[in-house]
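Here is the structure we will look at.
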Amino acid sequence: MAAPGDREKAAHVGRRHFLKGAALGGVAAAASVASAQTEQGLPGSASSAAASTGGAKVDASLPRPAGATPRSEESSVRDRSVTYSSCGGDYMVDVLRSLGIEYFAATPGNTFMGIHEAVINYGMLTQPNLRFITTMHEEASVAMSHGYSKIEGKPMACMMHTTVGLQHGAMAIYNAYADRVPIFMMVGAWIDAARRPNAVDWMHAASDGPAMVRDFTKWDDTPGSLRHFSESAFRAWKFAMTPPYGPTLLAVDTLMQEDEIPGGKDRAPPIPKLPRISPPAGEQGAVKEVARLLANAENPVIYADRAARTPEGLKLLVELAEALQAPVCDSGNRMNFPWRHPLNQSRRSRQVMSDADVVLALEPGDPFTLFARMDARGNTSSALKPGARRITVSSVELMPKGNYQDLQRYTSEVDLAMEADAEATLPMLIEEVRRQLPSGRKSAREARGKAFADAHREEFAMAKEAAANGWDDSPISTARLYMELYEQIKNEDWSLVSPSGMQGSWSQQLWTADRHYQYIGGWGAAGIGYIAPATLGAALANQKYGRLSVSFVGDGDLMFGPGILWTAAHERIPLLYIVHNNRCYHTEIMQLQAIANRRQRGIDRVHIGCAIDNPNINYAMMAKSLGLHGEGPIENPRDLGPALKRAIATVKRGEPALVDVVSQGR
Amino acid sequence: MQFAFVPMILVCAIATGAFAADKPNDVARGKQLYTATGCDQCHGTHGQGGAGPRLAPGPIPYEGVIMQLRKPRVRMPLYSAVVMPDSDVAAIFAYLQSVPKGKAASEIPLLKALSY
């Protein structure tokens, strides 16, 4: 066993090499203090701890011997000995940085202090800097990662405390899983039961921690060594980023984070190489067949769900639609197609689908509902006319799982099911379509495109008139809410990071948007509590591009985790929250009315359990108490524009703001 | 203002033989019932639409309203005569007919300025 002085000397050398010169002074000073404490036997030092517990002290820098270990050679409990020359946590930080991870979101937890300390004292002080994002709930950490990925196209890291922390994060993980979004997650793990210090550590230990969320993660692992950690981290990243995207999870041994790298920094395992990922594209013969069907169709229709994973996907979809002069029905789960493009027929999807003779569905989340109708008695019929051909391109079907039913109902209506990533398949499909388009039908295609352009223009005019309904009402109409905001942001580089379906999708109806980051869809699994944290994660990603992020958050959603407002203020993430304050869980109150009426009991009491009033919550005051600029509650529609203007001025200065708007239900 | 529309509308409706509301206070009662029976949750506080379609101004014929309440299509909740007697439906219908026509998009600067 090395003497403390020898170890400390070696520590300085190794650490200097490890940190590559950056931030050395502070760390070395800390190490010196720790060393002095040890030598003097001060409280908090390893020697005093060992003396007080009577436990035998071991050299944690040495590899643990294989096989049975005599009790005298075991670390008594969690090793609090002198600062190491290197530690597992620092190595893990280097692995994260090698993956291009820039942010690390966490609510602190006892099982990942080894990484936490490494992030703040090593990762944040050396290049390339990691940024620690402090959250107040594990669900917020995961949801922030969810929103971040949809803007940035790559994961940030989030880490959770073992068991209870992961339990907190579970719903947000399911949202990300169902939304096909890459999340890179880690959770602490007390693997060595002989070193769990106390009762709480036992309560917070699991033999197989990731099992709890395995049904809705793409892959997980529990590394047994640092080499195993780096290999599994790269594998987790690769799997998360291979379509279909999804969350991955590493359960990281608490002591492996905290202990010294076995053999010291110089014996640290190499960091693996990350390959360029090539997503699964459609088989060439099938692509040619699809192109033939589309090119020769009278009324081809493109349905896009989570199809445009990247800005390139949006561009490709426009190319395909324009080549065919085919309408596109966008589900709204991604920014698949420009909102004011003449071929965007999303608001008329039912009609254009019923007229179609060939439907190409790209990454459809619910193909049954797309191709079939079901009446109140459960009888089903085709949503398409007889003889229409149905094609699906779906990467999700490459990764079926059995428990959660996010795959939706099976449909027997599909003629050709291409198990492939839609975006990766589009270039080949576009090329084939162009090659196979009959030259003699160019005028027919142009006429088709003109008819859809006319219909789109008519829809737009109708939407304007519909928006005028109740324009001066209080509670404020959702149409006015969206239009007052648009007036303030239309000349900015804006990004609407929240879903719009709860407010009538007025943005898609009336705004102009043609960039991928301008809309990112919603929850995934409709798990409430997504919007407030996920949109902050999206705003975090937008921050470095100088975009103006705006988020409509329901009052019910916000109150699932209002602590996220503090995170927004603390981390100085510019985001405009607009609270769609209808003072109830609105979807639920509508459904409860239906149930009560079906039982002929009337709706007099359905507010119980659904209304969020008595007292009304003052969200502006709440926001102010958490460090945000707050406006409202706004009840007079004439006050809305000026309030938004003031809030946006704050956001443009780099701070978050919140405007509380007492609004119509939808 | 709302009441000024009612007599003429009611005359038209009664003339069709489909709508039997004939009490001047039906509009006021209908307005109260519209909220009390939860119509506003889906259709907006003045029938302007929301999760459900727009009901006012210019509601669909009374027969269509009563049919949708008694045998709803799509996701509309059932309103039987037990929870909403015909007299209440008539009052609500009178209220919906009384809702004045709002501004057109061309009269609202934010909407008028929207270009395609």
Quiz item: Applying the selection to the stretch A:420-462, what residues are touching a Gly at 6+ places or on another chain (Cβ under 8 Å) and open to solvent by 40 Å² or more (accessible area, probe 1.4 Å)?
Solution: A:428
Exercise. Output the residues belonging to the stretch A:335-368 that are farther than 13 Å from residue A:509 by Cα, open to solvent by 20 Å² or more (accessible area, probe 1.4 Å), away from chain B (no Cβ under 14 Å) and not in a loop (DSSP other than H, G, I, E, B).
Key: A:349, A:351, A:354, A:355, A:368
Quiz prompt | Output for the stretch A:65-102, where each listed residue is at pLDDT 95 or above, open to solvent by 20 Å² or more (accessible area, probe 1.4 Å) and either at positive phi or touching a Gly at 6+ places or on another chain (Cβ under 9 Å) (or both) | solution = A:94, A:97, A:100
Quiz item: For the stretch A:635-666, which residues satisfy the criterion of being more than 14 Å from chain B (Cβ to nearest Cβ), open to solvent by less than 50 Å² (accessible area, probe 1.4 Å) and in contact with a Ser or Thr (Cβ under 9 Å, 6 or more places away or on another chain)?
Solution: A:651, A:656, A:657
Exercise. Return the residue satisfying two criteria in turn: it lies in the stretch B:44-71 and is charged (D, E, K, R) and more than 9 Å from chain A (Cβ to nearest Cβ), and of such residues it is most open to solvent (accessible area, probe 1.4 Å).
Key: B:71
Quiz prompt | Unique residue being polar (S, T, N, Q), open to solvent by 10 Å² or more (accessible area, probe 1.4 Å) and at negative phi when the list is A:162, A:134, A:126, A:217 | solution = A:134
Exercise. May I ask you to verify whether residue A:582 is within 28 Å of residue A:540 (Cα to Cα), out of contact with any Asp or Glu (no Cβ under 6 Å at 6 or more places or on another chain), crowded, with 20+ Cβ neighbours inside 10 Å and within 14 Å of another protein chain (Cβ to nearest Cβ)?
Key: yes
Quiz item: Are any residues in the stretch A:507-533 open to solvent by less than 30 Å² (accessible area, probe 1.4 Å) and among the hydrophobic types (A, V, I, L, M, F, W, C), and if so, which ones?
Solution: A:510, A:511, A:513, A:520, A:531, A:532
Quiz item: If you scan the stretch B:72-116, which residues turn out to be assigned to a loop (DSSP other than H, G, I, E, B), under 30 Å from residue A:640 (Cα atoms) and either of a type outside the set (Lys, Arg) or at the interface with another protein chain (Cβ under 7 Å from one of its Cβ atoms) (or both)?
Solution: B:99, B:100, B:102, B:103, B:104, B:108, B:113, B:114, B:115, B:116
Quiz item: Quick one: would you say residue B:33 is modelled with pLDDT of 95 or more, over 14 Å from the mean Cα position of the chain (by Cα) and not small (Gly, Ala, Ser)?
Solution: no
Quiz item: Does residue A:546 satisfy the condition of being more than 10 Å from chain B (Cβ to nearest Cβ) and either of a type in the set (D, E, K, R) or within 21 Å of residue B:51 (Cβ to Cβ) (or both)?
Solution: no
Self-check item: All positions within the stretch A:262-294 that are outside any helix (DSSP H, G or I) and among the charged types (D, E, K, R)
Solution: A:273, A:276, A:283
Quiz item: Going through the stretch A:534-552 one residue at a time, which ones are surrounded by fewer than 24 Cβ atoms within 10 Å (Cβ to Cβ) and at negative phi?
Solution: A:543, A:544, A:545, A:547, A:548
Quiz item: Any chance the stretch A:446-460 includes a residue that's within 8 Å of chain B (Cβ to nearest Cβ) and out of contact with any Pro (no Cβ under 9 Å at 6 or more places or on another chain)?
Solution: yes
Self-check item: Condition met for residue A:492 (open to solvent by 30 Å² or more (accessible area, probe 1.4 Å), within 24 Å of residue A:547 (Cα to Cα) and at the interface with chain B (Cβ under 8 Å from one of its Cβ atoms))
Solution: no
Quiz item: Would you call residue A:148 surrounded by fewer than 24 Cβ atoms within 10 Å (Cβ to Cβ) and either touching a residue at least 60 places away in the same chain (Cβ under 8 Å) or out of contact with any Leu (no Cβ under 9 Å at 6 or more places or on another chain) (or both)?
Solution: no
Quiz item: Is there a residue in the stretch A:407-417 that is open to solvent by 60 Å² or more (accessible area, probe 1.4 Å) and under 25 Å from residue B:49 (Cβ atoms)?
Solution: no
Quiz item: Which condition number does residue A:307 fail, the rest of (1) part of a strand (DSSP E or B); (2) touching a Lys or Arg at 6+ places or on another chain (Cβ under 7 Å) being met?
Solution: (1)
Quiz item: Going by the conditions given, is residue A:419 more than 14 Å from chain B (Cβ to nearest Cβ), under 32 Å from the mean Cα position of the chain (by Cα) and at pLDDT 95 or above?
Solution: yes
Quiz item: Pairs under 8 Å by beta carbon, first residue more than 25 Å from residue A:537 (Cα to Cα) in the stretch A:635-662, partner open to solvent by 10 Å² or more (accessible area, probe 1.4 Å) and among the hydroxyl-bearing types (Ser, Thr, Tyr), six or more apart or different chains?
Solution: A:635/A:474; A:636/A:474; A:637/A:474; A:662/A:474
Quiz item: If you scan the stretch A:465-479, which residues turn out to be outside any strand (DSSP E or B), surrounded by 24 or more Cβ atoms within 10 Å (Cβ to Cβ) and more than 8 Å from chain B (Cβ to nearest Cβ)?
Solution: A:479
Exercise. Quickly run through the stretch B:88-103 and pick out the residues that are without any contact (Cβ under 8 Å) to a residue 60 or more places away in the chain, surrounded by fewer than 22 Cβ atoms within 10 Å (Cβ to Cβ) and closer than 21 Å to residue B:29 by Cβ.
Key: B:88
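The values are calculated or read from the model by the stated rules, or taken from the named source; none is laboratory data. For clarity, every value in this text was computed on a predicted model and none was experimentally measured. Every residue, glycine among them, receives a Cβ derived from its backbone with ideal geometry; neighbour counts consider all protein chains shown. Heads up: the accessible areas ignore ligands, DNA and RNA and are worked out on the full protein's heavy atoms, side chains in. Shrake-Rupley method; radii C 1.70, N 1.55, O 1.52, S 1.80 Å.
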